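To start, the structure under review is shown below, and the notes come after it.
Taken together, the values in this text are just the output of simple stated rules run on the coordinates, not laboratory data. On a predicted model such as this, the values are computed, not experimentally measured, just so you know. Using ideal geometry, Cβ is built from the backbone for each residue, glycine included, and neighbour counts are taken over all protein chains shown.
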Amino acid sequence: MASLVLTKPTGEIHMNHRIQGDFPFISDSHLNGYRKIFVLLFCVFMAMAVVGQLFTLNWRTWLPGAENSKSVMVGVKSAVYTVISQLT
């Protein structure tokens, strides 16, 4: 986010560039909790997808949100996002 700052009495304007990587309304421990849930669910769903792929089963119907996905990664990621959105 860039903000305008008048710093000299001559009226020169300087741009103060700040990159806000953190959100002031969400604590780091809260974000770490979501990261842990995402990684855990991603590993579980990836294991399910790999087992289903190895046994040539239709594993996409097992995962919520992955029914119309074209690749394993997209299907697993969409399933994780679907489950996380239902948790909150």
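Only sites in a loop by DSSP and with at most 11 other Cβ atoms within 10 Å count here; which chymotrypsin sites (Phe, Trp or Tyr not before Pro) in the stretch 53-88 make the cut?
PHE55
Starting with the fewest neighbours, write out SER29, SER85 ranked by other beta-carbon atoms found within 10 Å of each beta-carbon. Mind showing how you got there, number by number?
Working: SER29 7, SER85 10.
Exposure proxy ranking, most exposed first: SER29, SER85.
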